[in-house]
Structures are given as C-alpha cells and as structure tokens.
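The values are calculated or read from the model by the stated rules, or taken from the named source; none is laboratory data. Quantities reported herein were computed from a predicted structural model and do not represent experimental measurements. A quick note on method: Cβ atoms are made from the backbone with ideal geometry, for glycine too, and the neighbour counts reach across all protein chains shown.
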Amino acid sequence: MRFLIILILFIFSYAENMEILANHFEYNQKNNLSQFIGNVKVTKNNEKIESNKLIVYTTKDRKLYKLIAQGNVKFKITNQNATYIGTSDKLTYIKPKQLFILEGHVHITKTQDNQQLFGNKVIIDKKNGTANVIGSKNKPIKFIIKVN
C-alpha cells in the first residue's frame, strides 16, 4: 500500500497540480500507463473532466503526455478568452500539442455568450486558439448563436 501511495504521488507531481479522483486505479510501469475507473473526476486549474474511465499516458521521464476520458464525459475547458462546458462520449487531450479531441454526441456551450454547438467530432487547439467541428453523413453539425 505504501508503494502505491508513493507511486501515485510521483506520477502526479509531474501533472502540474492535476487532481484525479476515482473508484479504482491500475498502473502499468512498462507502458507508462495509468487507468482510473469509476466516477472519475479530474481537476487542473479551472478545467474539469468527469468520466467513467480515464487513461493517463506519461513519457519515459514521467511527464504527462496524453489523457483519454471515456464514457459519459462532462468537461469544462478554457481556451484563451473563452470557457466551454459540454458533454461527449470520448475526450482526448494531447499535452504537447495542447489539443482536445471530443468525439461522439458532442455538445458544447460557450459560457460567455451561450453559443452552442453539436457535432460528431470537435477538435480544440488551445495553442493556436482554433476549433474544427466535424459532422457525420447522417447527422450534420448544428450551431445555435445569438444574432442581434
């Protein structure tokens, strides 16, 4: 038990004050992979992710590389001058690129002006301040915006 506590503290000392709560934890040292299962809640600064499962990939020197949240994903993401809250089936965050990829039944609300967007896949590039929204053949993207 003591080893597990030390291991968890070691992994997250490189996670820039990221806090993860979950019902179950598994670690694979060979693959630099941690899994959190059940009622997962991630908090980092003003950003939050909730899901059924979270997979955390680290580099060989134990720095955060990628997060994948799966199942009933809820999130709050900040992007320069905007805050987005929403839901999706899957959320992937790639830290070196500061890239969020949201997939499956994506619904995002921009809190500053209540603009909403629905799509099959949304890519938010925090580094460049851009977003790309992709619909599917049977379900096109949908925007709800206020017009003066």
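Here are some residues: Gln70, Gln116. Which one is over 16 Å from the mean Cα position of the chain (by Cα), not in a loop (DSSP other than H, G, I, E, B) and not aliphatic (A, V, I, L, M)?
On the way: Gln70 fails: over 16 Å from the mean Cα position of the chain (by Cα).
After applying the criteria, what remains is Gln116.
Taking every residue in the range 9-38 that is at pLDDT below 75 and pairing it with any residue that is of a type outside the set (D, E, K, R) and not in a loop (DSSP other than H, G, I, E, B), at least 6 positions away or on another chain, the pairs with Cβ-Cβ distances below 7 Å are Ile11/Ser34; Ile11/Thr58; Tyr14/Leu64; Ala15/Leu64.
Could you count how many residues in the range 126-148 are assigned to a loop (DSSP other than H, G, I, E, B) and of a type in the set (Val, Ile, Thr)?
Restricting attention to the range 126-148, the residues satisfying the condition of being assigned to a loop (DSSP other than H, G, I, E, B) are 126-129, 135-141, 145-148.
When the remaining residues are screened for being of a type in the set (Val, Ile, Thr), the result is 141, 145, 147.
Matching residues across the range 126-148 total 3.
Of the residues Tyr93, Tyr65, the single one that is in contact with a Ser or Thr (Cβ under 7 Å, 6 or more places away or on another chain), surrounded by 13 or more Cβ atoms within 10 Å (Cβ to Cβ) and aromatic (Phe, Trp, Tyr) is Tyr65.
Filter the range 64-84 down to the residues that are within 17 Å of Glu19 (Cβ to Cβ) and out of contact with any Asp or Glu (no Cβ under 7 Å at 6 or more places or on another chain), then identify the one that is modelled with the lowest pLDDT.
Selected residue: Leu64.
Look at the range 68-90 and say how many of its residues are surrounded by fewer than 20 Cβ atoms within 10 Å (Cβ to Cβ), among the β-branched types (Val, Ile, Thr) and in contact with a Phe, Trp or Tyr (Cβ under 9 Å, 6 or more places away or on another chain). Going through the range 68-90 one residue at a time, the tally reaches 4.
Can you give me the number of residues within the range 41-67 that are under 16 Å from Gly86 (Cα atoms) and in a strand (DSSP E or B)?
9
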